[in-house]
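This report refers to the structure that appears directly beneath it.
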Amino acid sequence: MYKNVVDFIQNIYKTEEFLPLHEPRFIGNEKKYVNETIDSTFVSSVGKFVTQFEEMVAEFSGAKYAVATSNGTSALHIGLQLVGVDEKSEVLTQPLTFIATANAISYCGAKPIFIDVDRDTLGLSPSKLKEFLEEETLINDKGECINKLTKKVIKACVPMHTFGHPCKIDEIVEVCDAYNIAVVEDSAESLGSYYKGKHTGTFGKVGVFSFNGNKIITTGGGGMLVTDDEELAKKAKHITTTAKVPHPYEYIHDEIGYNYRLTNLAAALGVAQMENLELFIQKQRELANKYELFFRDTELKFITEPKESQSNYWLNAVVMQDKQQRDEFLKFTNDKGVMTRSIWRLMNKLDMFKDAQTGNLDNAEWLEDRVVNISSSIII
Ligand SMILES: *Cc1c(COP(=O)(O)O)cnc(C)c1O
């Protein structure tokens, strides 16, 4: 059976050479735009491509404002800081995520609390979230959500759209609204994914995209913060660009800022990639469709887009029957040069977060043992 999977994958990619999990594709104006920045010398923090890239991502996602950053993690850090997360706060998130989600919370000095995911979306579970908030918190007279155990304020919640599959984000926002908790959407993996017709990343107060080399489009490294809140967007631009006060020749900075800028060189790549995003999504979905049909006749379950959503199918994934089968499959496929990877080790099992508070994590633990990512580069 494992051999059938390897044969199938090598057959659709028409190669027996090493197959990475997700390779970028540069089939458009990438070289042209990048060369333009070199020819003009505007490769760094000034240039037209940054603004153009921001406008394209805002328009594509339907967000009012977009602020480009050096990577997705820095966008998450700033998003959390702007909704008021500090060293006195706590932040709810899922344990089944890439480390960046939990790291960004830590950069603010805040503590994460891990809440279970749903098995059908792989994302934060609104019912488990509600259960936790009802049992473990109360609202104080300032309207803040207080953790009964630690007496700290729960300021924000970071759901994540795993592998591009939207979580039940409208329900999550509704639950959080009732507790005055700001939602910062980690949509790093879900550019081009929609929930009930609305783009992921635009449900919360802030949304975040990543353009790392393995994502659906890339700038080499880069990120974007999106929001409908004008004030918040202005602040994000300000503190990601060293908080410099505009002045023709003097250097004046009015708060502690960050050098989280995206370079013009990287943005040039981003603009060219955005021009092909629709095509990339179509190709990702065609690939996923091939997998879905193939896995129907096997004992493995191919993960498909959840109800009422349209996924970018950025990373394809299958559910193994148990951990033993998972380990055998990982070994077999990687030995054959077909790269596969297990889903992330749960955040609460990592040294840095082993003392973090958690809800019941049955689904996350079940998935942790079974989910494997398979070849997901688009075929053009
Ligand atoms: C990729 C990713 C990020 C961070 O993006 P970088 O651009 O690599 O900093 C954050 N969260 C998730 C879930 C991701 O997959």
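No value in this document is a laboratory result; all are computed from the given coordinates. A quick note: this is a predicted structure, and the numbers were derived from the prediction, not measured. When we count neighbours, we look across all protein chains shown, and the Cβ atoms used for this are built from the backbone with ideal geometry, even at glycine.
The table for this structure:
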item: Sequence-distant lysines (8 or more away, or on other chains) whose Cα lies within less than 21 Å of LYS244; result: LYS48, LYS234, LYS235
item: Global form of the stretch 226-380, assessed from the alpha-carbon gyration tensor, a/c cut-off 1.5; result: prolate
item: Subset of LYS168/LYS215; LYS88/LYS130; LYS152/LYS205; LYS142/LYS237; LYS148/LYS349 violating a 25 Å alpha-carbon distance limit; result: LYS142/LYS237
item: Mean ellipticity per residue at 222 nm, deg cm²/dmol - from DSSP H runs of n ≥ 4 across the chain, formula -39500 (n - 2.57); result: -11500 deg cm²/dmol
item: GluC sites (Glu not before Pro) restricted to DSSP loop in the stretch 51-111 with at most 10 other C-beta within 10 Å; result: GLU87
item: Among ALA267, ILE239, LEU225 - extreme Cα towards positive end, dipole of the stretch 225-272, charges at beta-carbon; result: ALA267
item: Charge dipole (the stretch 90-194, unit charges on Cβ, about Cα centre) - positive-most of ALA110, VAL158, GLY143; result: ALA110
item: Stretch gain in nm, segment ASN140-LYS349, where the contour uses 0.36 nm per residue and the Cα spacing is subtracted; result: 72.1 nm
item: Computed over the chain, Cα set: Rg, Dmax in Å; result: 21.0, 68
item: Rel. contact order, % - alpha carbon contacts under 8 angstrom, at least six apart, the chain; result: 25
item: Cβ-defined net charge surrounding ASN264, 13 Å radius [Lys, Arg +1; Asp, Glu -1]; result: -1
item: Solution diffusion estimate, µm²/s, Stokes-Einstein, the stretch 1-135, Kirkwood Rh from C-alpha pairs, 10 °C, viscosity 1.306 mPa s; result: 82
item: Antiparallel bridges, percent of DSSP beta bridges restricted to the chain (to nearest 5); result: 60
item: Qualifying aspartates and glutamates (Cα of each under 16 Å from Cα of LYS151; at least 8 residues distant if same chain); result: ASP86, GLU87, GLU90, GLU134, GLU135, GLU136, ASP141
item: Hydrodynamic radius (Kirkwood) for the stretch 94-227, which is based on Cα pairs only, to one decimal in Å; result: 15.2
